[in-house]
1. Within the stretch 114-143, take every residue that is of a type in the set (D, E, K, R) and touching a strand residue (DSSP E or B) at 6+ places or on another chain (Cβ under 9 Å) and give me the one that is farthest from VAL272 (Cα to Cα).
2. List the helices (runs of 4 or more DSSP H) inside the stretch 188-295, counting only whole elements, that have at least 3 residues being touching a Pro at 6+ places or on another chain (Cβ under 7 Å), crowded, with 22+ Cβ neighbours inside 10 Å and touching a residue at least 24 places away in the same chain (Cβ under 8 Å).
3. Under the condition of being touching a Cys at 6+ places or on another chain (Cβ under 9 Å) and assigned to a loop (DSSP other than H, G, I, E, B), which residue from the stretch 119-170 is surrounded by the fewest Cβ atoms within 10 Å (Cβ to Cβ)?
4. Among residues belonging to the stretch 398-421 that are among the β-branched types (Val, Ile, Thr) and touching a helix residue (DSSP H, G or I) at 6+ places or on another chain (Cβ under 6 Å), point out the one that is surrounded by the fewest Cβ atoms within 10 Å (Cβ to Cβ).
5. Mind listing whichever residues of the stretch 363-397 are more than 11 Å from ALA349 (Cβ to Cβ), surrounded by 17 or more Cβ atoms within 10 Å (Cβ to Cβ) and modelled with pLDDT under 90?
6. Among the residues of the stretch 73-96, how many are charged (D, E, K, R) and under 16 Å from LEU237 (Cβ atoms)?
7. Can ALA21 be described as buried (at least 16 other Cβ atoms within 10 Å of the Cβ), modelled with pLDDT under 95 and of a type in the set (A, V, I, L, M, F, W, C)?
8. Among the residues of the stretch 433-461, which ones are part of a loop (DSSP other than H, G, I, E, B) and over 19 Å from ASP97 (Cβ atoms)?
Amino acid sequence: MHYRSTRGQAKNYTFEEAVMAGLSPDGGLFIPHTIPTLPANWKSDWANKSFQELALAILSLYIDETEIPQADLKSLIDKSYSTFRADEVTPLFKIRDGFYILELFHGPTFAFKDVALQFVGNLFEYFLERRNKKETSGKVHRLTVVGATSGDTGSAAIYGLRNKKNVSVFILHPRGRVSPIQEAQMTTVLDPNVHNLAVEGTFDDCQDIVKTLFGNTEFNNRHHLGAVNSINWARILAQTTYYVYSYFNLLNTLNIKAASPEAEQVNVHYSVPTGNFGDILAGYYARRMGLPSSKLIVATNSNDILTRFFETSAYAKQSGPDGSVKATLSPAMDILLSSNFERLLWYLARETERDDGETMTGEETQLDERLADHAGQCVAGWMKALKETGSFTINKEVVHKARVIFDSARVSDEDTLNTITAYHRPTESEQVPYILDPHTAVGVKAAEEVSARHNFSLYPKGKDIIVSLATAHPAKFSESVENALKNSPGFDFNKDVLPTEFHGLLDKEKRIVVVDKAEPELVMAAIEKELKAEGIEF
């Protein structure tokens with residue numbers, strides 16, 4: 001299995017090269033040359049696998065054993081998920097008939113990004129140790145990991161990389177734009193290889209700076225940058241596991257065998273709170289591999305560039321008074337541009353029309369090089385237009401095909417609070433009370449809207465089942481949750497929501513570096529100053 005850039009200039013990268021580079025030299029994102037299909041008997045052979053066993057089976061389709069021997073890959077996976085509080089890693093919770101919550105917040109930092117970043121951290125360490133063992137010149141291979149966060153990526157990356165040998169991690173977050181718990185989770189980690197940079201600006205500013213640093217050849221070569229944001233292919237790959245696992249978990253709950261005709265009659269829809277598009281993109285890859293999912297619901301808050309794309313075929317920055325990101329109750333989704341969307345655009349580009357009007361499709365699992373080059377040229381052009389003009393538009397017929405898989409809905413802050421309240425105090429007797437964090441509430445509300453739009457008939461009376469992804473524990477967003485549930489009789493946030501791991505977190509010692517302006521030069525200077533203090537020579 002080899003990897004290529006979405007912008008066409010880089011090809012034939014190994015898995016290790018793609019993961020360690022993070023971002024392609026041409027500014028694009030790495031994607032596999034081919035998307036493997038699930039084995040012929042996967043429904044029967046994989047049905048009773050644990051999360052870890054399933055992860056090994058799926059990741060082995062993308063990672064050649066010559067790169068990571070099977071025993072080593074198993075060890076990396078087992079080590080990564082030993083840190084999770086739930087035996088199932090990502091358990092499924094039934095709210096009512098036909099509606100389930102997929103809980104992804106049982107990792108060390110109580111957010112879905114732990115699923116990928118615990119694995120990525122161990123992967124970085126594995127590759128570095130192997131390189132250093134093979135090195136005969138005395139040179140020590142190191143990695144300077146740089147990432148941007150709107151809240152959860154930062155703490156998940158830090159917990160995945162703290163105390164890793166030959167790794168320094170720098171996380172940029174927008175100062176004052178993450179929740180107090182999120183900030184404390186990052187800044188109270190005092191390991192010497194962990195550095196937090198609070199940037200005066202937005203998440204998009206932080207993300208742009210990270211991309212600029214990766215594009216700076218001199219700086220990148222000097223410090224050997226590595227990526228932890230979902231621009232890193234390993235993040236997306238690791239997240240595909242919980243889509244497949246949840247499918248089996250769901251059918252087992254319903255006493256339906258995956259290989260039975262009855263399973264084929266069920267339509268499983270996934271609703272995903274969406275910011276940078278990485279989480280739902282993993283669902284797209286799982287579907288392309290052969291997972292029988294139906295709709296993938298793109299749930300956005302008021303920062304709705306993705307919803308507007310599916311409505312209009314135009315990918316355009318917000319048209320607000322100042323064109324800036326809107327601060328919402330779901331801050332991890334407060335993103336102006338979704339970086340990972342570029343990967344989907346590459347696949348959509350393969351459906352664009354040639355000059356003679358013939359639609360280009362190509363085989364799903366054997367990518368024709370001509371089509372791949374065409375897609376890379378399209379994406380490079382669109383990204384150039386986006387940078388220069390703030391928008392681009394795709395052929396409406398192509399977007400129409402995308403809507404067969406995707407649907408989208410935007411959710412206001414008011415609806416977010418109302419949804420948290422409604423699910424904690426359900427009016428339907430058969431519904432189980434549940435406390436949603438604001439991001440999960442966005443996903444749940446969007447699922448309700450799309451369900452009504454398409455007249456879903458929920459199981460068991462109908463064939464439709466909704467699985468809404470819970471991306472964070474409600475304790476991480478105490479202000480919103482307490483505001484929504486303040487009138488609930490007997491509700492006590494500390495008793496009903498707050499995990500023991502969070503007790504006293506806000507009072508712990510913090511270490512943080514403030515960057516006064518969102519400028520790459522200031523961030524580069526801060527990184528080099530911190531590396532020198534860490535005793536790193538360069």
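The values are calculated or read from the model by the stated rules, or taken from the named source; none is laboratory data. Everything numeric in this text was worked out from a predicted model, so none of it was measured. Cβ sites come from the backbone with ideal geometry, for glycine too, and all protein chains shown count toward neighbours.
1. My answer is ARG142.
2. Filter on the stretch 188-295 gives 203-215.
3. So, considering only residues that are touching a Cys at 6+ places or on another chain (Cβ under 9 Å) and assigned to a loop (DSSP other than H, G, I, E, B), the one surrounded by the fewest Cβ atoms within 10 Å (Cβ to Cβ) is SER150.
4. Per the criteria, the residue is THR421.
5. LEU367
6. Here the count works out to 1.
7. Yes.
8. If the condition is that a residue be part of a loop (DSSP other than H, G, I, E, B) and over 19 Å from ASP97 (Cβ atoms), then ILE435, ASP437 are the ones that fit.
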